[in-house]
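Trainee: The structure under discussion is supplied below as structure tokens; questions concerning it will follow.
Each reported figure results from applying straightforward, stated rules to the coordinates on display, with no laboratory input. Here the structure is a predicted model, which means the values were calculated and not measured. Quick reminder, even Gly has a Cβ in these numbers, built from the backbone with ideal geometry, and neighbours come from all protein chains shown.
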Amino acid sequence: MKNKTYKHMYHIFGKNGWVNDPNGSCYYDGKYHIFYQYAPDYPESALKYWGHVSSEDMIHWEDNGIALRPDIPQDKDGVYSGTAFCDDGKMELFYTGNVKHPGNHDYILTGREQNVIYLSSDDGYNFSEKELLMTNEDFPKSMGLHVRDPKVWKENDKYYMFLGARSVDDKASMLFFESDDKKNWQLYKEYTPSAQLGYMFECPDYFEVDGVKAIGGCPQGMDSQEYKFMNMYQSGYFILNETTIHSSNEELEKDITVENFKEWDMGFDFYAPQVFTTPEGKKIIIGWAGVPDAPYDNAKSLEEGFEHSLTLFREISYDSDKKIFKTYPIKGYEELRKEEKEVLLTDDKKKVTLDSSFDLEAKATGKAQIVFSDTEGNKDLVFAFKDGVCELKFLNETGCKRDVRRAKVEKVENVRIFMDQSIIEIYVNGGEVVFTSRYYPNDDNIVATLDGFYEVNAYSLEEIDY
């Protein structure tokens with residue numbers, strides 16, 4: 001029997017239309033706020049708005065509808081990505097307003113405007129009039145027209161804005177501006193790394209976890225390798241070992257390298273994440289469960305009128321031994337567990353029949369494999385570890401043209417897997433490696449056969465209505 005629905009039960013998504021980048025992620029006035037790119041009329045129209053949800057616990061969410069609309073000349077072709085700044089007592093939003101002029105343009109060097117726009121709120125729901133802060137005329141002449149996705153923070157009584165950019169000679173670039181009042185901005189640093197990071201640096205971020213500073217972002221156009229950079233575009237971070245954004249460009253070259261670029265997620269569907277801080281000081285990351293221009297699709301969810309969602313909320317920690325950030329689902333998702341599933345032992349393998357939304361935990365003994373099948377035994381998806389490599393591989397049409405993703409891992413000690421109707425997130429070794437993918441099983445139930453695992457626990461999950 002085919003699933004009654006592929007619509008998610010506890011991931012944030014649009015009930016109709018298209019969802020992509022999380023925006024303005026923050027904690028303000030007692031609640032968490034997530035805005036996100038939203039095209040409610042997709043596929044008829046791809047015009048982007050900002051959707052808005054809020055929550056007291058990051059588990060149960062209230063849908064607040066559309067927060068920002070493309071309703072001024074400087075954002076008429078889309079309310080693009082941006083950030084929230086809440087340190088001065090208000091929720092202040094900075095975003096890119098997109099404009100595309102009609103005509104014979106390449107929209108890289110001609111025909112486009114990308115404007116930095118500001119507005120604020122005292123309650124997180126009602127916003128001031130929009131103010132235009134910067135246009136392409138305020139950016140260096142060495143940059144093309146793709147300059148976007150402002151990230152704003154305060155440091156030593158100064159405000160800084162980080163923008164991702166594409167240079168006129170098609171190099172991924174970073175621009176930093178400074179301000180005394182958040183309204184008037186001057187160029188602080190222009191940096192085009194010599195590392196082969198492709199032609200565009202999107203969704204820039206600058207953050208600190210456990211005392212370790214990092215630059216995050218999404219390079220477009222990097223060369224794919226066998227065990228990394230396998231997606232169309234990448235999403236990850238550079239740990240700044242001895243530098244900050246205030247270091248000289250020559251010093252930054254030591255840290256901004258292809259070798260030092262670590263991906264947040266090795267699956268098919270992860271992009272454009274944002275990092276924000278809880279009241280307790282924890283750093284949380286949430287991403288878009290999708291990738292632009294991918295060769296695979298979500299035709300099965302489109303049949304139900306929606307495409308894409310956001311990932312689970314993950315807490316970031318620094319592993320000082322491996323010198324990487326780990327990301328793992330926040331505490332609280334355990335509250336959604338409603339029924340523990342029986343795990344059967346068959347021929348030294350463990351087998352469990354799961355609902356189409358589940359939470360599974362297992363410990364591994366070494367070489368290990370999980371096969372996901374329908375109730376008639378047709379194999380859909382395999383997650384396996386062997387000879388230092390984790391592999392996620394689709395075996396049929398349940399991946400909607402997705403094939404295989406791999407990552408190097410010394411050993412697998414444990415995995416935790418979340419499934420939510422049509423999205424699967426696999427966390428290896430407490431988030432050392434993560435695989436996120438859309439997955440469209442044909443049954444209401446999924447049979448997981450585990451080989452090389454012990455202490456398997458699995459639970460069905462309840463729906464969050466928002």
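Trainee: May I ask for the distance between the Cα centers of the stretch 36-93 and the stretch 95-153, given as a whole number of Å?
Mentor: 15 Å
Trainee: Moving on to the next point. Using a/c under 1.5 as the rounded threshold, could you call the stretch 180-291 rounded, prolate or oblate? The axes a ≥ b ≥ c are square roots of the C-alpha gyration tensor eigenvalues, and prolate needs a/b larger than b/c, oblate otherwise.
Mentor: Taking the square roots of the gyration eigenvalues as a ≥ b ≥ c, the stretch 180-291 is oblate.
Trainee: With charges set only on the Cβ (+1 for Lys and Arg, -1 for Asp and Glu), what does the dipole of the stretch 367-466 come to about its Cα centre, in debye to the nearest 20?
Mentor: Taking the Cα centre of the stretch 367-466 as origin, the dipole is about 660 debye.
Trainee: Positive end of the charge dipole of the chain (Lys, Arg +1 and Asp, Glu -1 on Cβ, about the Cα centre): tell me which of PHE358, PHE268, THR83 has its Cα farthest that way.
Mentor: The residue sitting farthest along the positive end of the dipole is PHE268.
Trainee: By average Cβ neighbour count within 10 Å, what is the ranking of 266-278, 453-465 from highest down?
Mentor: 266-278, 453-465
Trainee: Using only DSSP helix segments of four residues or longer, with each worth -39500 (n - 2.57), what per-residue ellipticity at 222 nm results for the chain after dividing by its residue count and rounding to 500?
Mentor: 0 deg cm²/dmol
Trainee: Over 25 Å between Cα atoms: which of LYS31/LYS76; LYS4/LYS363; LYS228/LYS401; LYS31/LYS90 fall into that group?
Mentor: LYS31/LYS76; LYS4/LYS363
Trainee: What are the residues whose amide H is under 5 Å from the amide H of ASN260, where those residues sit 5 or more places off or on another chain and H is modelled from the backbone?
Mentor: none
Trainee: For the stretch 340-349, take each phi angle, set θ = phi - 60°, evaluate the Karplus expression 6.51 cos²θ - 1.76 cosθ + 1.60, and give the result in whole Hz per residue in order, putting x for glycine and proline.
Mentor: 7, 8, 6, 9, 9, 9, 9, 6, 6, 10
Trainee: Charges on Cβ only, +1 for Lys and Arg, -1 for Asp and Glu, centred on the Cα centroid of the chain; of PRO150, TYR27, SER422, which one is farthest towards the dipole's positive end?
Mentor: Comparing the listed Cα positions along the dipole, SER422 ranks first.
Trainee: Sticking with this one: Tell me which residues come under 5 Å, amide H to amide H, from GLY17 once H is placed; ignore anything under 5 positions away on its chain.
Mentor: Amide H neighbours of GLY17, under 5 Å, 5+ apart: PHE306, GLU307.
Trainee: Using a Cα-Cα cut-off of under 17 Å, which aspartates and glutamates could be cross-linked to LYS254, ignoring same-chain neighbours fewer than 8 residues away?
Mentor: Answer for LYS254, where 17 Å is the Cα cut-off: GLU190, GLU242, listed by chain and number.
Trainee: Please go through the residue pairs LYS283/LYS408; LYS100/LYS326; LYS151/LYS262 and name each one whose alpha carbons sit more than 30 Å apart in this structure.
Mentor: Violating the 30 Å limit, Cα to Cα: LYS100/LYS326.
Trainee: Please state the charge dipole magnitude for the chain, taken about the Cα centre, from unit charges on C-beta atoms (+1 on K and R, -1 on D and E), reported in debye and rounded to the nearest 20.
Mentor: 780 debye
Trainee: Going by a ≥ b ≥ c, the root eigenvalues of the Cα gyration tensor, does the stretch 254-342 fall in the rounded group (a/c under 1.5), the prolate group (a/b larger than b/c) or the oblate group?
Mentor: oblate
Trainee: Additional query: Just going by the charge dipole of the chain, with Lys and Arg at +1 and Asp and Glu at -1 on Cβ, which of GLN114, ILE370, ALA67 is farthest out on the positive end?
Mentor: Value computed over the given set: ILE370.
Trainee: Another question, then. Within 10 Å of each candidate Cβ there may be at most 10 other Cβ atoms; applying that plus a DSSP loop requirement, which GluC sites (Glu not before Pro) in the stretch 173-278 survive?
Mentor: Within the stretch 173-278, the qualifying GluC sites (Glu not before Pro) (loop, at most 10 other Cβ atoms within 10 Å) are GLU226, GLU242, GLU259.
Trainee: Can I ask one more? Using the 10 angstrom Cβ neighbour count as an exposure proxy, how do LYS386, LYS262 rank, fewest first?
Mentor: With the fewest neighbours first, LYS386, LYS262 line up as LYS386, LYS262.
Trainee: 5 Å is the cut-off here: which amide hydrogens, built 1.01 Å from N in the peptide plane, fall below it relative to GLY198, excluding neighbours closer than 5 in sequence?
Mentor: Residues meeting the amide H criterion: ALA172.
Trainee: How large is ³J(HN,Hα) for each residue in the stretch 191-201, as worked out from phi by the Karplus curve 6.51 cos²θ - 1.76 cosθ + 1.60 (θ = phi - 60°), to whole Hz, x for Gly and Pro?
Mentor: Karplus values, whole Hz, x for Gly and Pro: 9, 10, x, 6, 4, 7, 9, x, 10, 8, 10.
Trainee: Can you put HIS246, HIS308 in order, fewest other beta carbons within 10 Å first?
Mentor: By the 10 Å Cβ count, ascending: HIS246, HIS308.
Trainee: Just check the stretch 17-329 against the gyration tensor rule for me: Cα atoms, a ≥ b ≥ c as the square roots of the eigenvalues, rounded for a/c under 1.5, and otherwise prolate or oblate depending on whether a/b exceeds b/c.
Mentor: Since a/c stays below 1.5, the shape of the stretch 17-329 is classed as rounded.
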